[in-house]
Structures are given as structure tokens and as C-alpha cells.
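Since the structure comes first, as C-alpha cells, the remarks are kept for the end.
Just so you know, all these numbers are worked out from the coordinates, no wet-lab data involved. Computed from a predicted structure; not experimentally measured. Cβ coordinates were reconstructed from backbone atoms using ideal geometry, including for glycine residues, and neighbour counts include every protein chain displayed.
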Amino acid sequence: MGYPSLESHLPSSHAPLLPPGIFLSISDTQASDGNFLLHHFISNYIKADQNVILVGLAGIMVHYTMVGRKLGVNLATARTKGTFHFVDGLTQLTDYAAPNKDYLPKPTTPAPEPAIPTTPSTAPRIPATRTPPAAAPPPPVLSCSPKLVDFYKFLENLIREVATGPSSRGKQLCLILDDLSVLLNCGWPCRDILALVRYLKQLVAKHNGTLITLVHADGVMSEEVSQDGLVKGVFYEADYIIDVRGLDSGGSRDVHGQLSMLHGPGYLMKQRSGQVKENEWPALTLHYKILDNNVEVFAKGYSSGVLAGNKEICTWLLNAGADVDAQTPELGATPLIRAVQQGHLDVAKLLVSYGASVEVRNSDQENIFHILAIAASKDNTVQTPDKTEKWVAMARWLLTKLDKDRRIVMLTTLDAKGRRPVDNRSGSLATLLTPPS
């Protein structure tokens, strides 16, 4: 599928797809492009043989085709098959969009009264009357943008055709708009763009589909009333929100930015009514790193720097505000647990100096001494005296961080399999892990 490390953080009820009938809003900044998330969902839906309609307001077909190949998806084949439909938004905007001044309602000037003849006449004078023009019905969606109505109707017909086609039976529809900010930059009123989103959301939900949009939410742009209103209005309509941001301290070789998984008003309303599970979409903040044909997503403060024992990277992350006790969703491992597991004593000391807890447990109820004993037993070179001393030195150092009572509790704690830390070791390390009498 798309990015495997991202899957575990998305709703699992319909994995690898999003739940039908929901609206996901993705926000990004100019420095941290969130377009890579769109590629993830496109790839997942196409590989699952579902229907995708992509409205390219900022990107073109060639771009999505090239990225799709890197993710193992052939969009040209899917297009021929009828499961992928690309709407060139730039071309559509050429036909439909224009500055507001051409489409805003203009005041009407009354026609001049007909001149009254001055020649004498015996016929009775009949006052001139004018038949008032019939009032045009208001646009069904938008108030001041009739051309944008045409754009909506085009999408409406396409969605209905795709969703009700004979080959679409049992398939889920996903409609993606890759940059709503383009509509604002083209001169459309914020209220009409939000109306378009609202009606598309209702239309897609009617066909048991999913709507995904991308919008820019730069701090500088938020000073503009229309841009700030667009972002807040889209968030108000959303069920789920993914906010893509750069790090406050700048870029890094191992961390390119952070993803904030947020609950929208729609999710909270569904949660209160019991339509979704309590932890269907966990709200959390993650770090990510973009690779050539993949994106790695991991908990804050939990990167390759910890696994590789790189103190400089770990220091940089901690100073950037990384959560020193962040736990992975699958195993519940913290950066300290992984540092001990990999035998990186220097990194472990660094993490503890930044406040990392030495008493945390993972999902198997293993504490830091369970982890150390298991890692030492798996070390193929543990029989070498200098390698054995590495684990012994780490155990000694960890024990110094606990008082006598807490040390007894940690060394007598049972994991999910009913084992104490000492049950996993023998020799000098086992002596250290034996609870004091």
C-alpha cells in the first residue's frame, strides 16, 4: 500500500481505506508540502480497486503519474480501467473561473421613461407601462459565482456517473481536491469555496464515498482574512484533520517535519452519538521523513538517531521539542527502551538527562530491565568479556537512577508472560538483576 508506517495511525475500521462518508482535510504550508499524503491515499484506493476522482487544481496528470509509479501504481492503466478519473482543474478554471468583478451582482439602472408626444391629440393619453423582467432563480449552490456553479455541476455529473456505473457496484468512491487555495487565488469568494466544499461533502457522502481536500495554512497567509476564513471554514466541515508542519528549529537530515492528527467537529459529533469508536482516530503528533519512494512516519523523538546511537541527532530532536517519552502505537516502546535495546548507553544517558522515565513499560508489560536482559541474551557476541561488560555497565547505571524501594519493584515486576528480568539472564548480569533481599 502507500506508506506502511502511516497506516497504523489512520482509522483502522476500513484499512487501508478511510471510512466511507467522512471528510478529511489536509493542511500544509509552503515550506512543508502535504501533497505526499494525497499520493498515499490515491495509491491505497487504486491498489484496492476502488474509484478515485482527482481534481488537479495545483498538480497535473504527469506529476501524479510519475509519483504513482514510485509507489507501484499505474494511473494510466487505472484510468483506462475506469477506476481513476483525473479532472484537470487548471483547464476547468480557464473555462469557468474569472475575476469576481465579472460575476458579482451589478446594480441595475432603470430604463428611461418614453418621451410624451407634444403634438395635440384627441385620443386619451395612456401612461406607458413596462413589464418587469422575470426574476432568475438563484444558483443552487453559490450566491455570487454562477461559473463556479458550472464547475460543481460538472463534478456532480461525474461523481454520479462513476458511483452508479455498473462496474462500480460495491466499490467506494474517493474524491480528492489537491489545493483549494488555488480557487481563492483565482478570485473566488471564500464563502463560495466553502459552499462548494459543503455541497461536495454532502454529495460524496450520499454515494457512500470519502472527500479529501488540501489547503494552505501558512502563518503569514493567516493574516489575510479570506485565507484564514477558508482554512477555518474547511476545518469546521471536516471529520478528520491532518496538519503538516515543519519543525520550529528548521529542517533536519532525519526529520523533515511533523504531522498533527486532529479531530474535526464532524468526528466529535459522531463520537458523542456512538457512530465511531473512542480511539478510531487517535489524536497525536508524529514526525516524518520523505524518502525517494516512501515516507517514514514515527513518534516524536523516535527516529533513526536513537536506533543508530547518534547523540547529535538525538540532541537536536530533543532541543526541537521532541517528546522524550513518546511510545510507538504497536509495541509501546519509548526512545529510552529502544536505546537500551540497541545497547546505546550514551544515548540512554542523554534521554534520561532530558527527563525520560526509566519506569515505563511497553505493551508486553516489560520494563527497562526486561528489555536489557532480553537484548543481552540475543546478542550473539555476549560471550565476549568486553561485550558482556557493555550490558553490565548499562544495568549498573540504570540501577543508580532508582532508590532501593523502586529498585525492588522494578526487579520483581512480572511481564505479560509472568517473567522477572533475572529470568532472562545468567552470569554476572543475572547477579545485578537479582532483587535484593
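Overview of values
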read-out	value
Estimated inter-spin distance, residue 66 and residue 393, nm [label 7 Å along Cα→Cβ]	5.0 nm
Label zone at residue 91, where the point sits 7 Å out along the Cα-to-Cβ direction: the stretch 62-80 residues whose backbone N lies under 16 Å	62-65, 76, 79-80
Distance violations [Cα-Cα > 31 Å] among 47/270; 70/277; 311/417	70/277; 311/417
Extension gain from residue 15 to residue 205, taking 0.36 nm per residue of separation minus the Cα-Cα distance	66.6 nm
Burial ranking of peptide ranges 18-28, 287-297, 168-178 (average Cβ count within 10 Å, highest at the top)	18-28, 168-178, 287-297
All aspartates and glutamates inside 19 Å of residue 171 as judged from Cα atoms, apart from same-chain residues fewer than 8 positions distant	49, 156, 161
